[in-house]
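Written below as structure tokens is the structure these notes are about.
The values are calculated or read from the model by the stated rules, or taken from the named source; none is laboratory data. Predicted, not measured: the structure shown is a model, and the values here were computed from it. Methodologically, a virtual Cβ is constructed for each residue, glycine included, from the backbone with ideal geometry; neighbour enumeration extends over all protein chains shown. All accessible areas refer to the heavy atoms of the entire protein, side chains included, with ligands and DNA or RNA removed. Shrake-Rupley method; radii C 1.70, N 1.55, O 1.52, S 1.80 Å.
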Amino acid sequence: PSVQLLASRWPVHAIWTANMRGGPQPRMVGQEIALLRAEFDPEPCLLPPGGVGFLQSLSSGQPLIAALAATGEGFDLAAVLGLLIQHRALTGVSR
């Protein structure tokens with residue numbers, strides 16, 4: 001329950017950032033986000049394209065290599081893993 005995923009055809013993260021943090025006006029492109037709540041304070045985090053598919057695969061028990069197959073070319077694995085570590089969203093690693 002500490003991680004919720006959303007793939008939208010709308011710039012949901014950019015809209016939230018513009019309204020809540022005074023960010024720039026959003027460009028009308030789809031975005032993928034993860035709602036993370038390490039300290040019980042939910043925060044939307046922008047994922048790279050393919051991030052939702054990757055995380056859905058992992059959460060369903062798929063191995064890392066299978067989860068990577070759910071992403072597109074140019075997927076930034078380091079960015080997603082860094083985000084998960086930063087927000088303490090990883091609960092365990094298994095073989």
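Sparse packing (at most 14 other Cβ atoms within 10 Å of the Cβ) combined with a DSSP loop state is found for the following GluC sites (Glu not before Pro) in the chain: Glu39, Glu73. Coupling constants for segment 46-61 follow from the phi torsions by the Karplus curve (6.51 cos²θ - 1.76 cosθ + 1.60, θ = phi - 60°), and in residue order they are 6, 9, x, x, x, x, 5, x, 4, 5, 5, 5, 5, 5, 8, x Hz; glycine and proline get x.
Pairs of Cα atoms under 8 Å, at least six residues apart: use those to get the relative contact order of segment 1-50, whole percent. After rounding, I find 38 percent. Per-residue accessible area (protein heavy atoms, 1.4 Å probe) orders Trp10, Trp16 as Trp10, Trp16, starting from the largest.
I'd like the Kirkwood hydrodynamic radius of segment 19-60, using the inverse of the mean 1/r over distinct C-alpha pairs, in Å.
Working: mean 1/r = 0.0824 Å⁻¹.
So the Kirkwood estimate lands at 12.1 Å.
Computed from phi, the 3J(HN,Hα) profile of segment 19-32 under the Karplus parametrisation 6.51, -1.76, 1.60 (θ = phi - 60°) reads 7, 9, 10, x, x, x, 4, x, 7, 7, 10, x, 9, 10 Hz, with x in place of Gly and Pro.
What is the calculated FRET efficiency for Met20 to Gln86, with r their C-beta to C-beta distance and R₀ = 22 Å, to the nearest 0.05?
On the way: r = 19 Å, r/R0 = 0.87.
Efficiency computed from Cβ-Cβ geometry: 0.70.
Dividing the convex hull volume of the alpha carbon atoms of segment 37-86 by its residue count gives 79 Å³ per residue. All Cα-Cα separations within the chain were binned at 5 Å from zero, giving a P(r) of 2, 13, 22, 25, 20, 10, 4, 2, 0, each value a whole percent of the pairs.
Using C-alpha pairs below 8 Å separated by at least 6 residues, the relative contact order for the chain is 23 percent. Which percent of the accessible heavy-atom area of the chain goes to carbon and sulfur, probe 1.4 angstrom? Here carbon and sulfur together make up 56 percent of the probe-accessible area. Under a Cβ-only charge scheme (Lys and Arg +1, Asp and Glu -1), can you give me the dipole magnitude of the chain about the Cα centre, in debye to the nearest 20? Dipole size: approximately 60 debye.
Return one whole number: the accessible area per residue of the chain in Å², for a 1.4 Å probe.
Numbers: 6550 Å² over 95 residues.
It amounts to 69 Å² per residue over the chain.
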